[in-house]
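The values are calculated or read from the model by the stated rules, or taken from the named source; none is laboratory data. Computed from a prediction, not measured in an experiment: that's the story for all the values here. FYI the Cβ positions are ideal-geometry reconstructions off the backbone, even for glycines, and counts take in every protein chain you see. Calculation scope for accessible area: heavy atoms of the full protein, side chains included, ligands and nucleic acids excluded. Shrake-Rupley method; radii C 1.70, N 1.55, O 1.52, S 1.80 Å.
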Amino acid sequence: MKILYSWLSDFLENPPAPADLAAKLARVGLKVEEIKKTGASFSGVCVGQIMKIEKHPNADKLALVDVHDGAATMRVVCGARNIAVGQKIPFAKVGARLSEGELKKARIRGVDSEGMICSAAELGLEGYDNSGILVLPDTTAVGVDAVTLFPKADYTLEVEMLPNQGYALSHYALARELCLFYGLKLKEAKVFEGSAAGCLVPVNIDVPDLCTRYTAIAITGLRGARTPEWMAERLRAMGSNPKGNILIDGSNYVMYELGQPTHCFDISKLDGPEIKVRRAVPGEHFTTLDNKDLKLDAGMMVIADAGKSVALAGVMGGLETAVSDYTDAILIESARFIPPTVRLASKTTGIKSESSYRFERGTDPELTMKAARRLAALILEAAPGAKAEQLTDNYPVKYQPPVLEIAPERVNAILGTGIVDGEIFACLKAFQPDLKDVKPWKFTVPTYRQDIESVWDVAEEVARYVGYDVIPSASHMPMLPSAVTPLWTVTTEMKNTLAALGFSEAYNYDFVSAKEMLACGLEAAGAVEVKNPLSSDYQYLRSTLLPGLLKTLRYNLNRGRDSVLLFETGVACARKDAGKAEETYCSGLMFGDFPEGGFWKGGQGRADFYHLKGMMTRLFAGRSGFRFESPKKAPAYFQPGLCLEMKLGGGAAGYAGRLAPSVAAAFDFKDNNIFYFEIPLACLAVAGKTEFWQKVARIKPVSAFPQNWRDLSIVLEEKHGWAEMERSFSGVQDLASARLIDVYKGKNIPAGFRSITIRFTFTSMTGTLNDADVGARMAAVLEKLIKNFSARLRS
């Protein structure tokens, strides 16, 4: 949340300096993430007038501009598109101090520039259009110091707000916190002190369980009321764009100042006129201020007049009763709505507003009247002829603050401290000045602190008051010995190997949408559905890591990457019987240029099926029993014929191959050459070795005798794969390796058949093999091929 230092200082006597203020807030749990200087802190800038514009002789996008500063005319080089002759502009002379530092004389494309025509950003101003130079009003006098035209220098503090810190969502609230914890004196805002007995707009609450209080003030005689410049300046500093209408800007101002959202209805547009707080009628339509048509649900709460809904309670007002420059009479709304109701409406409609942000975290029930009176005071000050005609406070459910019994021994037991009773009592008395020193203390929780529900919450406030540094940093929890599990070991090895191969690790959400599951060829019926998803994009637990990796791939390609190698380790879930089954996977994909950057001698390829197969071979290097096989039933997201099943011993070790074109198209990829692998890590963990000595590879003796190799060309049916042929060679004496070196289909080869050439390498540990020895072993190989595959020698 953004806080303006000067605004906060309005509520403090002798406010601390900005840096000290940030430190004090941080000490009580309100972290200040950034302190930024704002307003007119520049110097050496005057109002200039553009007299002449010429084209730059050496640059198409630059112009030569003659600027008159009231005393002389100077030439500057300018690249802005919105310059025009006659404009009044902020002109910085050489030596001026701007937001980026001192302006020095420059020579741009061969032309000297004697100054600079400034944009709002270059002057350090917020709330202005920065697409070009800042154009000043035509009535501005040439030559005057430009610093006098803008707000004075100030500071903005960006304060981090946690979900349970709704009590601190305003300037007044932060000032109150500082006064509570540091003994500063709190100053109150000026409010409307008068009364009004009229009843222009009756207010009725049909749902007191959802709207516990509704304060309304009617004011007439407002036509043409404008926002004062000091208020507009503060709103700009807050990042809000003032509309110039006090009825709109004043409402935003009070929300930032006190933390209570308010709204103004144009009474002339209210049917009746009357106000009724009720539930929405099923199917009821409502048009928001931003002209969005909503179909309301029965659970939503609306503010209605005699004939229609005029606001979605706590979220946004309606277009039909919006105020304008012609509005003469208004009804100020300042209410307390129950947080779950506002949260439901905001989530269902997808509308997030500053009002809903505050109502969802809970507002102070005793603040509605103060906020309404504050807004009335601001409006009446801006419109001297206006008059308050009605003041209504409909409070059907009086808020009863809880009373907690606080014993100092209990507080110290919770915090693990030895804080003296007097300090604890001083903290409670800062919240409740009339607290009596009779133990156990009867502490009445302030109405603005509805997050305090028990002695545990009070103990936290005591720690904030005394200082968190008084809590000892000792831990009484015994240290447990760490243990390395086989799954952790295997996961770490996989990550390290893939990183060494050039893959980058990705982290994605465990949730996917029904659309993403369908795109991967998966059925939603087999997935685990989340009961309360954040949105439809996170409706199911992922059953594969593929959707997240594809989204990460698209994210990288959209940012100019030509080569992407990604992997992720994580849990995938699927339905199993009446419950769910979880499996840890290591999955990854390859796409684009390979290797990235090309070869140092020149040339570059694209990632393909064989690159992926080589990566998997390296990933499983050293694990006995690893092999590729043709899958009997591959996952639906792989392309048939371009997918291999990986085996490790007698168990499955995952799949690797090219994704189906339909999957690539569903995720908006024009190039479907995406190669993907997924490995269930449980199979590796079972076979994994946790002890170091078990991981040391055993040395195999190398034959001292020369190798002999023979090539064998055979013809066999296409249905036989290389993997099953390779397995058939087991048991052949002295066979060191069998490698497929050629596959041929075409002339002289019958249809349905193919010719393959295999290179066999033999070596013996006992002696040199002669031709007869090798021939006998080749005869055994050929016999196996003929017997098992009906192969014949190619002639």
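From the Cα gyration tensor of segment 143-210, with a ≥ b ≥ c the square roots of its eigenvalues, which class applies: rounded if a/c is under 1.5, or else prolate if a/b is larger than b/c, or else oblate? Please list the in-between numbers first.
Numbers: a/c = 2.15, a/b = 1.40, b/c = 1.54.
Judged from the Cα gyration tensor, segment 143-210 comes out oblate (a/c at least 1.5, b/c at or above a/b).
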- Item | Electrostatic dipole magnitude of the chain [Cβ: Lys, Arg +1; Asp, Glu -1; Cα centre; debye, to 20] | 3000 debye
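Just in segment 1-90: which chymotrypsin sites (Phe, Trp or Tyr not before Pro) are loop by DSSP and have at most 15 other Cβ atoms within 10 Å? If you can, show how the numbers build up before the last one.
Details: sites: TYR5, TRP7, PHE11, PHE42; in loops: PHE11, PHE42.
Counting only loop positions with at most 15 other Cβ atoms within 10 Å, none of the chymotrypsin sites (Phe, Trp or Tyr not before Pro) in segment 1-90 qualifies.
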- Per-residue HN-Hα couplings for segment 532-544 [Karplus 6.51, -1.76, 1.60; θ = phi - 60°; Hz; x = Gly/Pro]: 10, x, 5, 7, 5, 6, 10, 7, 10, 6, 5, 9, 8
- Message: What are the ³J(HN,Hα) couplings of segment 623-638, residue after residue, when phi is run through the Karplus curve with 6.51, -1.76, 1.60 and θ = phi - 60°? Round to Hz, x for glycine and proline.
- Response: 9, 5, x, 7, 6, 9, 9, 6, x, 6, 8, 7, x, 5, 7, 8
- Task: Can you tell me the relative contact order of segment 398-451? Whole percent, Cα pairs under 8 Å, sequence separation 6 or more.
- Result: 51 percent
- Query: In deg cm²/dmol and to the nearest 500, what is the mean residue ellipticity at 222 nm of the chain if only DSSP H runs of at least 4 residues count, each as -39500 (n - 2.57), divided by the residue total?
  - Reply: -7500 deg cm²/dmol
- Phi to ³J(HN,Hα) by Karplus 6.51 cos²θ - 1.76 cosθ + 1.60 over segment 707-720, Hz, x for Gly, Pro: 8, 10, 10, 9, 9, 10, 10, 10, 10, 8, 5, 5, 5, 8
- Message: Placing unit charges on C-beta atoms (Lys and Arg positive, Asp and Glu negative, everything else neutral), compute the dipole magnitude of segment 48-169 about its Cα centre in debye, rounded to 20.
- Response: 560 debye
- Lys/Arg +1, Asp/Glu -1 at C-beta; the chain dipole; positive extreme among ILE679, LEU435, LEU375: ILE679
- Message: Can you list residues from other chains, or at least 5 along the same chain, whose modelled amide H is less than 5 Å from the amide H of ASN204?
- Response: ILE275, LYS276, VAL277
- Message: Tell me whether segment 660-795 comes out rounded, prolate or oblate; compute the Cα gyration tensor, take square roots of the eigenvalues as a ≥ b ≥ c, and use a/c under 1.5 as the rounded threshold.
- Response: oblate
- Query: Using modelled backbone amide H atoms (1.01 Å from N, in-plane), which distant-in-sequence or interchain residues come within less than 5 Å of VAL528's amide H?
  - Reply: LEU541, ARG575
- Members of LYS24/LYS187; LYS276/LYS308; LYS37/LYS105 lying beyond 20 Å, as alpha-carbon distances in this model show: LYS37/LYS105
- Taking the Cα centre of segment 513-628 as origin, sum charge times position over the Cβ atoms of Lys and Arg (+1) and Asp and Glu (-1), and report the length of that vector in debye to the nearest 20. 240 debye
- Query: So how much accessible area does TYR395 have, in Å² to the nearest 10, using a 1.4 Å probe?
  - Reply: 50 Å²
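For segment 90-161, calculate the relative contact order in percent as a whole number, restricting contacts to Cα pairs under 8 Å that are 6 or more residues apart. Kindly include the intermediate steps, with their values, before the conclusion.
On the way: 63 pairs, mean separation 17.8, N = 72.
In percent, rounded to a whole number, it is 25.
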- Query: For the chain, what is the relative contact order in percent, using Cα pairs closer than 8 Å and at least 6 residues apart in sequence?
  - Reply: 8 percent
- Note on the structure: Of the candidates GLY224, LEU200, GLN165, the farthest towards the positive dipole end of segment 137-253 (Lys/Arg Cβ +1, Asp/Glu Cβ -1, centred on the Cα centre) is LEU200
- Task: Could you tell me which of ALA791, LEU522, CYS264 has its Cα farthest along the dipole of the chain towards the positive end, charges placed at Cβ (Lys, Arg +1; Asp, Glu -1), taken about the Cα centre?
- Result: ALA791
- Query: Can you list the residues, at least 5 places off or on another chain, whose amide H is less than 5 Å from the amide H of LEU136, using H built in the peptide plane?
  - Reply: LYS88, ILE89
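Percent of Cα-Cα pairs more than 35 Å apart in the chain, please.
Numbers: 217662 of 315615 pairs.
Every Cα pair in the chain considered, those over 35 Å come to 69 percent.
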- Note on the structure: Flagged as over-length at 19 Å C-alpha distance, from LYS551/LYS632; LYS647/LYS784; LYS52/LYS88; LYS370/LYS436; LYS370/LYS398, the pairs are LYS551/LYS632; LYS647/LYS784; LYS370/LYS436
